[in-house]
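These notes concern the structure reproduced below.
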Amino acid sequence: MNEGRCVKCGSCLRACPVLNDPSGAQFPGPRTTGVDAPRFLEKGSVGQNALRCTMCHACEWACPSSISITRSMLELRSELTGERLPGHRRMLENIAAFGRTVSTEFSGWRESGERTLYFPGCIGLGRLTGLTASVSALLTSLGIAHDISREALCCGSPLLKIGARGEAEDLRRRNAEVFSRYDRVITSCPGCTYQLREVYGIEAEHIIEVLKGSDLCTKLEGRWALQVPCHLKRGLSPWTADDLAAILGKAGVDVVRMPGEDACCGGGGGMLSGFPGTASSLARNKMEMYRKADVEGVITACPFCSLNLGREGIRVLDIGEAIALKD
Ligand code: SF4
Ligand code: SF4
């Protein structure tokens, strides 16, 4: 790790959405959890407060010394001892029972041995099945025959975030055989895409990468803002925010760009299950921004963003629900 390069400038602290929210008062901050604590023998003393972070990567982006802050924080999380948070315990119980972090409600499995796997992720299969059905229909309309396999389990990303490294590795081993049957993997969750690329070594594609260049249309009217997911822009590529806007704009959506569109919604990193109060507080901050802009709603490309922002009373659509192939 490269923590020794820290010049104590404080840029990461100013960039951190949790540290700058009243609900995040107990979070020690990115410099303590990602730079200082990992180097100390008594690093475990930060305790469960180290988990009060959404893994949004904003600190890392702000750091002039290019310190891999979030990687260090993941290491620290894997070494935490003590009782797990109730929400994180539930996730692990679900993984042990059926291989996903939440119970699966999706029923539209497609298992006919196609060469492309659409991998919706736990939230897409458990909480936002309409989103998953829309993305699947869009892929079909684009001529991409695909499976949605019940054998593909959680990618393990949420488990790494809560420090359950052994369980994440176990899932990777179990999934490896399933993924080996496919030539192409497409996801609608940037966290899954990131995990499949970084941990599995699979060149998974996020749906917006698939949609680029397609001839699309929309039925949406009025002005729509973007919720740019952290793991899309700061995880996969900085250009994905512009790609998202360009795909929607070309389809005919009146897209309103705003400076805070890429701020964290509060839903990732195990925050939604571990510290729901902070997850809600960050989502409310974003909602305030969107309401002031007087938009019809928000379009995003991440099930966690859809889920967390959707609870705050504004219309939130996934890109798969906002557009369709032109006739
Ligand atoms: S990843 Fe995001 S929430 Fe976590 S410490 Fe960095 S800026 Fe704060
Ligand atoms: S932004 Fe980077 S260099 Fe500055 S205090 Fe944070 S970790 Fe240290």
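With the condition kept exactly as written, say whether any residue in region 22-36 is more than 29 Å from residue 170 (Cα to Cα), free of Cβ contacts under 8 Å to residues at least 12 places away in the same chain and within 15 Å of ligand 1 (Cβ to nearest atom). Looking through region 22-36, at least one residue is more than 29 Å from residue 170 (Cα to Cα), free of Cβ contacts under 8 Å to residues at least 12 places away in the same chain and within 15 Å of ligand 1 (Cβ to nearest atom). Quick check on residue 103: is it free of Cβ contacts under 8 Å to residues at least 24 places away in the same chain and in contact with a helix residue (DSSP H, G or I) (Cβ under 9 Å, 6 or more places away or on another chain)? Here the answer is yes, as residue 103 does meet what is asked. Among all residues of region 46-55, there is at least one that is within 14 Å of ligand 2 (Cβ to nearest atom) and not assigned by TED's automatic domain parsing to the domain that holds residue 281.
Just so you know, in region 37-66 the residues that are near ligand 1 (Cβ under 7 Å from one of its atoms) and among the hydrophobic types (A, V, I, L, M, F, W, C) include one that is surrounded by the fewest Cβ atoms within 10 Å (Cβ to Cβ), and it is 58.
All conditions in (1) in a helix (DSSP H, G or I); (2) touching a helix residue (DSSP H, G or I) at 6+ places or on another chain (Cβ under 7 Å) hold for residue 94, with the sole exception of (2). Assess whether residue 107 counts as being modelled with pLDDT of 95 or more, more than 10 Å from ligand 1 (Cβ to nearest atom), within 21 Å of the chain's Cα centre (by Cα) and among the hydroxyl-bearing types (Ser, Thr, Tyr). No.
Those residues that are assigned to a helix (DSSP H, G or I), among the aliphatic types (A, V, I, L, M) and more than 17 Å from residue 268 (Cα to Cα), I need them from region 21-70; list them, please. Write out each step before concluding.
Pass one, region 21-70, residues assigned to a helix (DSSP H, G or I): 22-24, 30-39, 43-51, 58-62, 69-70.
With among the aliphatic types (A, V, I, L, M) added as a condition, the list becomes 35, 37, 46, 50-51, 58, 62, 69.
Across region 21-70, the qualifying residues are 35, 37, 46, 62.
For region 28-57, a residue qualifies if it is in contact with an Asp or Glu (Cβ under 7 Å, 6 or more places away or on another chain) and either hydrophobic (A, V, I, L, M, F, W, C) or modelled with pLDDT of 85 or more (or both), and exactly one does: 35.
State yes or no: is residue 200 among the aromatic types (Phe, Trp, Tyr) and surrounded by fewer than 20 Cβ atoms within 10 Å (Cβ to Cβ)?
Numbers: among the aromatic types (Phe, Trp, Tyr): yes; surrounded by fewer than 20 Cβ atoms within 10 Å (Cβ to Cβ): yes.
Yes; evaluated as a whole, the condition is true for this residue.
Please go through region 1-19 and pick out each residue that is more than 10 Å from ligand 2 (Cβ to nearest atom) and at pLDDT 95 or above. Selection gives 17, 18, 19. Quick check: anything in region 191-209 assigned by TED's automatic domain parsing to the domain that holds residue 143, of a type in the set (Val, Ile, Thr) and farther than 21 Å from residue 145 by Cα? Yes: region 191-209 contains one or more residues that are assigned by TED's automatic domain parsing to the domain that holds residue 143, of a type in the set (Val, Ile, Thr) and farther than 21 Å from residue 145 by Cα. Suppose the filter is in contact with a Phe, Trp or Tyr (Cβ under 7 Å, 6 or more places away or on another chain) and surrounded by 18 or more Cβ atoms within 10 Å (Cβ to Cβ); does residue 128 pass it? It is false that residue 128 is in contact with a Phe, Trp or Tyr (Cβ under 7 Å, 6 or more places away or on another chain) and surrounded by 18 or more Cβ atoms within 10 Å (Cβ to Cβ). Being of a type in the set (A, V, I, L, M), at pLDDT 95 or above, in a helix (DSSP H, G or I) and touching a helix residue (DSSP H, G or I) at 6+ places or on another chain (Cβ under 8 Å) is a description that applies to residue 135.
The values are calculated or read from the model by the stated rules, or taken from the named source; none is laboratory data. What you are looking at is a predicted structure, and each value in this text was computed from that prediction instead of being measured. Cβ atoms come from the backbone with ideal geometry, glycine included; neighbour counts cover every protein chain shown.
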